1. For a quick check of your reading: which helices (runs of 4 or more DSSP H) sit entirely within the stretch 124-199 and have at least 3 residues that are open to solvent by less than 90 Å² (accessible area, probe 1.4 Å), farther than 22 Å from GLN90 by Cβ and at pLDDT 70 or above?
2. Would you pick out the residues in the stretch 212-260 that are farther than 30 Å from ILE4 by Cα and surrounded by fewer than 17 Cβ atoms within 10 Å (Cβ to Cβ)?
3. Residue by residue through the stretch 49-76, note down the ones that are among the polar types (S, T, N, Q), surrounded by 21 or more Cβ atoms within 10 Å (Cβ to Cβ) and either assigned to a strand (DSSP E or B) or in contact (Cβ under 8 Å) with a residue 60 or more places away in the chain (or both).
4. Quick check: is even one residue across the stretch 67-82 closer than 23 Å to ALA296 by Cα, among the small types (Gly, Ala, Ser) and modelled with pLDDT of 85 or more?
5. Looking only at the stretch 301-330, count how many residues are among the β-branched types (Val, Ile, Thr), modelled with pLDDT under 95 and open to solvent by less than 10 Å² (accessible area, probe 1.4 Å).
6. Being closer than 28 Å to ARG335 by Cβ and either in a loop (DSSP other than H, G, I, E, B) or open to solvent by less than 20 Å² (accessible area, probe 1.4 Å) (or both) is the filter here, so list the residues in the stretch 261-289 that pass it.
7. Going by the structure shown, is ASP245 among the acidic types (Asp, Glu) and in contact (Cβ under 8 Å) with a residue 40 or more places away in the chain?
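The values are calculated or read from the model by the stated rules, or taken from the named source; none is laboratory data. All of these numbers come straight from a predicted model, not from anything done at the bench. Cβ: placed from backbone, ideal geometry, glycine included. Neighbour counts: every protein chain shown. The accessibility values were calculated without ligands, DNA or RNA, using every heavy atom of the protein model including side chains. Shrake-Rupley method; radii C 1.70, N 1.55, O 1.52, S 1.80 Å.
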Amino acid sequence: MSQIVRLKDIVVRFYTYEGVVKALEKVNLFVKKGETLGLVGETGCGKTMTGLSIFNLIPSPGRIEGGEVLFRTKEGRIKNLLSLDEAGLQRIRGAEISMIFQEPSASLNPVYTIGDQVSEVFLTHREKALLKNTIKKIDEELQESKGELLKRFILRFEKNIYERIMRNKDPLLIRILNKIPLIRRYRRRLEAEAKKQAISLLRDLGIPDPERVADMYPYELSGGMQQRAVIAMALACNPVLLVADEPTTSLDVTIQARILELIRELKRRFDTTVLFITHDLGVIAEMCDRVAVMYAGNVVEIADVKEIFRNPLHPYTKALMESIPQPGKEYKTIRGVVPNLINPPSGCRFHPRCPQAVEICAEKRPELLEIRKDHFVACHLYDGEER
């Protein structure tokens, strides 16, 4: 199975007044085509930063200081997203990789309607498809307007404009047309077609009365409906990779179940690969094919979801599993506290809390190694180091 994206030795630093936050330390991760990879760990372990690094969208004052993000495009080309300029990234963001953010209300612009915001994705990334549909409609209008010479002249003129834009997307031509009020209607045709596509997508997402919802503002919708609108924006261009950053955290339990089922159904329908970020092991068990466990900016274990639950190898993964409340078993917590990433522990960052730590754990950072087939662990207990 081919890999859609591979993160190699990603290093992220945040430069603050208190010091340098070592947020990600040589993160290695890959996502296979068609799978759902879960990324799990405690709050502050770097899950969201890992997802944002794929988009090269680390917020200020942070920056990516090392590594590669190798992405396989729809054409099958491998590109290092960290080496692209902003124009190159804009062509890929939204069109080939999309993200569902944790807080839907923060992802939507409060002064634009839902229909306008979903339409904007189509206008930005699928203009060629919109142009084809518009030209087709003009041809239909030409067939119906026989004998109306003025109307046919205007329609042929519009068709010529669309065809020229589709052939070479002449920026000078577009700028000139946008200055002429009488001819600017060409843009309105595209916007109308994008609105139609947006309403169709909202209907596919199970939103009742999508025509009405498309004319509503974000504050008029519930949290669950807002999240569906955000998912519509993420899926508008049928992306190769969808990054879902805790998409159900701010929703109540019943809406959570609907959103999770919606993501599963859309994954099947659009053949989308998903990176699912969460701290909920129950959601991981339900949604994912493989799991990557993170701790303090490091990936410590990657394996098939059944293997992780049946046979966790890293001490931190074991502690996570033991912290899940179970009937008839004593509830266990992980001793100690999450480290301060301005001054993280040396060697393995988990060693101050690890019940199996030995001397080398404080001296050397363990590498992520394949201990069994498709089961990767970063722990000195399995790397063959002499102790």
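1. Details: elements: 127-144, 149-168, 171-179.
In the stretch 124-199, 127-144, 149-168 are the helices (runs of 4 or more DSSP H) which contain 3 or more residues that are open to solvent by less than 90 Å² (accessible area, probe 1.4 Å), farther than 22 Å from GLN90 by Cβ and at pLDDT 70 or above.
2. Listed by number, the residues that qualify are ARG212, ASP215, MET216, TYR217, TYR219, GLU220, SER222, GLY223, ASP252, VAL253, THR254.
3. Step one: list which residues in the stretch 49-76 are among the polar types (S, T, N, Q), which gives 50, 53, 56, 60, 73.
Still in the list and also surrounded by 21 or more Cβ atoms within 10 Å (Cβ to Cβ): 50, 53.
Result: THR50, single match.
4. yes
5. Residues meeting the conditions: 2.
6. Taking the stretch 261-289 as the starting set, the residues that turn out to be closer than 28 Å to ARG335 by Cβ are 277-285, 288.
Those that are closer than 28 Å to ARG335 by Cβ and either in a loop (DSSP other than H, G, I, E, B) or open to solvent by less than 20 Å² (accessible area, probe 1.4 Å) (or both): ILE277, THR278, HIS279, ASP280, VAL283, ILE284, CYS288.
7. On the way: among the acidic types (Asp, Glu): yes; in contact (Cβ under 8 Å) with a residue 40 or more places away in the chain: yes.
The answer is yes for ASP245.
Each row is one residue, and each column tells you yes or no for (1) at positive phi; (2) among the acidic types (Asp, Glu).
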| site | (1), (2) |
| --- | --- |
| PHE14 | no, no |
| GLU18 | no, yes |
| ASN28 | no, no |
| SER60 | no, no |
| GLN90 | no, no |
| GLY94 | yes, no |
| SER98 | no, no |
